[in-house]
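Undergrad: I'd like to ask some things about the structure below.
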Amino acid sequence: MKRTLILAAALLVAAACGQKAVNLQDKLTVNDKQIDALIAQMTLEEKVNMLHSKTNMSSAGVERLGIADMNYADGPFGIREEGQPNGFMSAGWTLDSATYFPTGSALAATWSEELAYKYGTGMGKEARLRGKDVILGPAVNIQRLPVGGRTYEYLSEDPILSAALALEYTKGCQDEGTAVCIKHFAVNNQETNRGSVNAIVDERTLREIYLKPFERAIIEGGAMSVMPAYNKVNGDYCSENEHLLNEILRGEWGFKGFTVSDWGGTHSTMGAMLHGLNVQMTGSNYLGQPVIDSIATGALTEAMVDEKVKEILRVRLAIEAVPADVANTVMTSQPASQQIALQVAQKSIVLLKNEGVLPIKADVKKIAVIGQNAVLKTQSGGMGAGVKALYEVTPLEGITKRAGAGVEVVYAPGYKNFPGIFRWGRPAGAAPDPLEAAAIDEPADPALLEQAVALAKEADLVLFFGGTNKSIETEGSDRKDIKLPCGQEELVQALRAANANLVSVLVSGGPTDLQVLEPASPAIVQAWWNGTEGGTALAQVLFGDIAPSGKLPFTFPVKLEDSPAYALGNFPGSNAGGDLFSLMFRPDVMAMSPQERQKLIDSLPKPESHYTEGSLVGYRWFDTKAVKPMFAFGHGLSYVNFNYGPMSAKASKEAVKVSFELTNAGEMEADEVVQLYVNRVNSAVEWPAKELKAFKRVTLKAGETRKVTLEVSLNDLRYWDVDAAQWKLENGELELLLGSASDDIRQKATVNI
Ligand code: BGC
């Protein structure tokens, strides 16, 4: 009853604001009659059997009624290697190598809705080849902390950019017949204590920042399933959060599909049953026999179970099960998807700085490639987001191939790499690799440094590869700082002293502290963890075959302490805790009884994370507080200059529209990502200094001019009025700021709305 009322209220608000009340979720109800008939034939045991895991990556159907199991796959950058039924250990298959797509922040750096859609289709297609129904992705939480262990998995610090890409990924994937399971709902912005932390966030910030990407993917994209996060939001675990799951997701957004807890993230039978969870992953200690027992005592009703089963069956019937004799008959990774991975990588690379060193000049005959990140494969590691790729072109391979016979490419490791707790690729107990550091802040190794400097002296150009790796940036922990590890700073200074013709290439998923590297580097490139064809794309950009066109999806602060959660002392919080996921899969914990396990979980510290910076996340903070970043949100240079003609702006009852002419003043084809920000003039409501509201990637031939139009729906200019508990539009003056980056505004105009 409550849900129906909220939904009706939401539709009224939508109608009052002229919003089209089209909700793709409604498509999921077309089979409801058939589903009711199926449920009528099921025993209570069969129904409850659908509410928890069957294997580590599946939940049960009902064979006798022709209802197939639901098969899940991680997500989000490639279909994960097939694991054993009871865990993540490799199943040892040979046809399960998948395409490794560029990671989340790389996809976001393309600012391309078109590529996000294609990316989704690639994921969706490969999922079908592997017999999977649901991809555990996209991962769309806002990048709140520069140190965030999953920054590389997530898209961006901005809700508009993240929402647009989340929507297209969802559409692309589901158009291929694979459901998405959008994650992690919600406010999962830190790995520190992720299994127990209570994120305390005000309602306006929640709506305007943290929920936006989910909202669009669900309403406009029809996302069929949702993964509640490990953490708590405002007091309740996400997997049993009435406000998030029942009031907002189902009530206001009209979600008709099903929710799947994050692995080990279900916490009680009653909480989960009453407050919005459909499937416990993994285990059955809450949504198995205890449900049947609770019905017997009258605490729960069978009708509640029916409702949950119905929501699961809506997706089961919408997604055609892949027949067992068709699944896994060809290699998961297919050339068409590899091409998509290449296209995304090509458009994601961000040229942060360039004092004329790039593109590589024709007179460069010897290149010294320095740094282990040039040979690092980034497909695996990082826990859930690892991919067993069919192949991966490293930067060194890409550069060597592109350089061809006329250019000598020499390589030195330069520094030791930090292997972290997962010691990627190395069997436990094996002798340490001499190129592995014992600690992340181990200083530069004198012998490696000397060898690298000697190569740098003899070369025409030095390409220094720094950054992090997937042990440093990983699910399960946050970085302790954003410093470049293992003596990279000392090394880059020594290289610069040896050869002024130097380019620094950052191979990482999140931002790094560049206070030492930046002055030492005439050119800097952010190359990401860029998928199966990452090295190919990077070489094309470095040699000038294509112009760089990626734009930063997050701010590079000068130093960590400048970023909002640090400046306000909101992170790291006080109570240290553990990673629930790692805990659940520890052999001694797996051997415990459910009761003992729960006792252990209950004994974990109860940390809180206060979001007092409100909506001032990322550039919103830096702009509003006038703190200069190292590189601003939206920043990214090209090999050409773009001229922005005068902007005309018009406001109607539905939207604000701006038009202008964009010219590629250079000598090669290039893409520009035009960005429109708004600033409210004399507003009675509190706003950040400016907010991104629209963007477009435009490809222009050398010398070409094109008219570009951007539109912002008035709905997207509304704010969440906490007292009225609804979206409201504030009339008044709006300053429109059009530019090439958040700190590079080229045209301004004012309209009244
Ligand atoms: C992660 C999820 C992932 C799941 C299954 C969890 O640890 O948080 O993102 O989908 O494991 O691998």
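The values are calculated or read from the model by the stated rules, or taken from the named source; none is laboratory data. The structure displayed is predicted, hence computed values, not measured ones. Heads up, the Cβs are rebuilt from the backbone with ideal geometry, glycines too, and the neighbour counts pull from every protein chain shown. Accessible surface areas use protein heavy atoms only, side chains included; no ligands, DNA or RNA. Shrake-Rupley method; radii C 1.70, N 1.55, O 1.52, S 1.80 Å.
Undergrad: Pairs, please: C-beta under 6 Å, at least 6 apart or cross-chain, first residue in contact (Cβ under 8 Å) with a residue 40 or more places away in the chain and under 19 Å from Lys470 (Cα atoms) and in region 363-379, second among the hydroxyl-bearing types (Ser, Thr, Tyr) and part of a loop (DSSP other than H, G, I, E, B)?
TA: Gln379/Tyr100
Undergrad: Hey, can you tell me all the residues within region 84-103 that are under 29 Å from Gly535 (Cα atoms), at pLDDT below 95 and either touching a helix residue (DSSP H, G or I) at 6+ places or on another chain (Cβ under 8 Å) or within 13 Å of the ligand (Cβ to nearest atom) (or both)?
TA: Of everything in region 84-103, those that are under 29 Å from Gly535 (Cα atoms), at pLDDT below 95 and either touching a helix residue (DSSP H, G or I) at 6+ places or on another chain (Cβ under 8 Å) or within 13 Å of the ligand (Cβ to nearest atom) (or both) turn out to be Phe88, Met89.
Undergrad: Does at least one position in region 510-523 carry a residue that is within 17 Å of Lys416 (Cβ to Cβ) and either open to solvent by 10 Å² or more (accessible area, probe 1.4 Å) or touching a His at 6+ places or on another chain (Cβ under 8 Å) (or both)?
TA: no
Undergrad: Give the residues of region 149-168 that are within 16 Å of the ligand (Cβ to nearest atom) and not hydroxyl-bearing (Ser, Thr, Tyr), sorted by residue number.
TA: Across region 149-168, the qualifying residues are Gly149, Arg150, Glu153, Leu155, Ala166.
Undergrad: Report the residue count in region 725-740 for those that are more than 13 Å from Ala684 (Cα to Cα) and surrounded by 21 or more Cβ atoms within 10 Å (Cβ to Cβ).
TA: 4
Undergrad: Using beta carbons and a limit of 6 Å, which pairs, at least six apart or on different chains, have the first residue in region 173-196 and within 14 Å of the ligand (Cβ to nearest atom) and the second one assigned to a strand (DSSP E or B) and open to solvent by 10 Å² or more (accessible area, probe 1.4 Å)?
TA: Correct list of pairs: Glu191/Ser477.
Undergrad: Can I ask one more? Suppose we filter region 697-716 for residues that are farther than 21 Å from Ala547 by Cβ and open to solvent by less than 10 Å² (accessible area, probe 1.4 Å); how many remain?
TA: Number satisfying all stated conditions: 2.
Undergrad: Could you list, in sequence order, the residues of region 641-664 that are within 32 Å of the chain's Cα centre (by Cα), within 25 Å of Lys701 (Cα to Cα) and either modelled with pLDDT under 95 or among the aliphatic types (A, V, I, L, M) (or both)?
TA: Residues satisfying the conditions are Val658, Leu662.
Undergrad: Hey, another quick one. Select from region 233-262 the residues that are under 20 Å from the mean Cα position of the chain (by Cα) and open to solvent by 10 Å² or more (accessible area, probe 1.4 Å) and list them in ascending order.
TA: Within region 233-262, just Asp262 meets the criteria.
Undergrad: Could you tell me which of the residues Leu161, Leu165, Leu206 is more than 28 Å from Met70 (Cα to Cα), under 13 Å from the mean Cα position of the chain (by Cα) and part of a helix (DSSP H, G or I)?
TA: From the options Leu161, Leu165, Leu206, the qualifying one is Leu161.
Undergrad: Regarding region 266-288, can at least one residue be identified that is open to solvent by 50 Å² or more (accessible area, probe 1.4 Å), in the same structural domain as Asp32 (by TED's automatic domain parsing) and assigned to a helix (DSSP H, G or I)?
TA: Yes, because at least one residue in region 266-288 is open to solvent by 50 Å² or more (accessible area, probe 1.4 Å), in the same structural domain as Asp32 (by TED's automatic domain parsing) and assigned to a helix (DSSP H, G or I).
Undergrad: Where the second residue is among the β-branched types (Val, Ile, Thr) and the first is in the same structural domain as Ser97 (by TED's automatic domain parsing) and lies in region 326-339, which pairs have Cβ atoms under 6 Å and are six or more apart or on separate chains?
TA: Matching pairs, first to second residue: none at all.
Undergrad: Which one is nearest to the ligand (Cβ to nearest atom), of the residues in region 68-83 that are open to solvent by less than 10 Å² (accessible area, probe 1.4 Å) and aliphatic (A, V, I, L, M)?
TA: Top of the filtered list is Ala73.
Undergrad: What is the number of the single condition among (1) within 16 Å of the ligand (Cβ to nearest atom); (2) assigned to a loop (DSSP other than H, G, I, E, B); (3) touching a Leu at 6+ places or on another chain (Cβ under 6 Å) that Gly222 does not meet?
TA: (1)
Undergrad: Test of understanding: among Ala626, Ala539, Ala576, which residue is at pLDDT 95 or above, of a type outside the set (Phe, Trp, Tyr) and assigned to a loop (DSSP other than H, G, I, E, B)?
TA: The match here is Ala626.
Undergrad: With (1) in a loop (DSSP other than H, G, I, E, B); (2) more than 28 Å from Arg718 (Cα to Cα); (3) modelled with pLDDT of 95 or more as the list, and Ala106 as the residue in question, which single condition is left unmet?
TA: (1)
Undergrad: Continuing with the same structure: Report whether or not Asn328 is modelled with pLDDT of 95 or more, of a type outside the set (A, V, I, L, M, F, W, C) and open to solvent by less than 20 Å² (accessible area, probe 1.4 Å).
TA: Taking the combined requirement at face value, the residue does not satisfy it.
Undergrad: Tell me yes or no: at least one residue of region 118-128 is closer than 22 Å to Val326 by Cα, in contact with a Pro (Cβ under 8 Å, 6 or more places away or on another chain) and within 16 Å of the ligand (Cβ to nearest atom).
TA: Checked against the condition, which is being closer than 22 Å to Val326 by Cα, in contact with a Pro (Cβ under 8 Å, 6 or more places away or on another chain) and within 16 Å of the ligand (Cβ to nearest atom), region 118-128 yields at least one hit.
Undergrad: Would it be correct to say that Glu436 is of a type in the set (Asp, Glu) and surrounded by fewer than 22 Cβ atoms within 10 Å (Cβ to Cβ)?
TA: The answer is yes for Glu436.
Undergrad: Could you check, for region 294-309, whether at least one of its residues is open to solvent by 20 Å² or more (accessible area, probe 1.4 Å), under 30 Å from Ser549 (Cβ atoms), over 33 Å from the mean Cα position of the chain (by Cα) and not hydrophobic (A, V, I, L, M, F, W, C)?
TA: Checking region 294-309: not a single residue is open to solvent by 20 Å² or more (accessible area, probe 1.4 Å), under 30 Å from Ser549 (Cβ atoms), over 33 Å from the mean Cα position of the chain (by Cα) and not hydrophobic (A, V, I, L, M, F, W, C).
Undergrad: For Glu355, all conditions in the list (1) in contact with a strand residue (DSSP E or B) (Cβ under 8 Å, 6 or more places away or on another chain); (2) touching a residue at least 40 places away in the same chain (Cβ under 8 Å); (3) open to solvent by less than 40 Å² (accessible area, probe 1.4 Å) hold save one; what is the number of the exception?
TA: Against the list (1) in contact with a strand residue (DSSP E or B) (Cβ under 8 Å, 6 or more places away or on another chain); (2) touching a residue at least 40 places away in the same chain (Cβ under 8 Å); (3) open to solvent by less than 40 Å² (accessible area, probe 1.4 Å), Glu355 comes up short only on (3).
Undergrad: Scan region 129-148 and tell me whether some residue there is assigned to a loop (DSSP other than H, G, I, E, B), within 13 Å of the ligand (Cβ to nearest atom) and open to solvent by 20 Å² or more (accessible area, probe 1.4 Å).
TA: no
Undergrad: Condition first: open to solvent by less than 10 Å² (accessible area, probe 1.4 Å) and in a loop (DSSP other than H, G, I, E, B). Can you find one or more residues in region 591-608 that meet it?
TA: So far as region 591-608 goes, yes, one or more of its residues are open to solvent by less than 10 Å² (accessible area, probe 1.4 Å) and in a loop (DSSP other than H, G, I, E, B).
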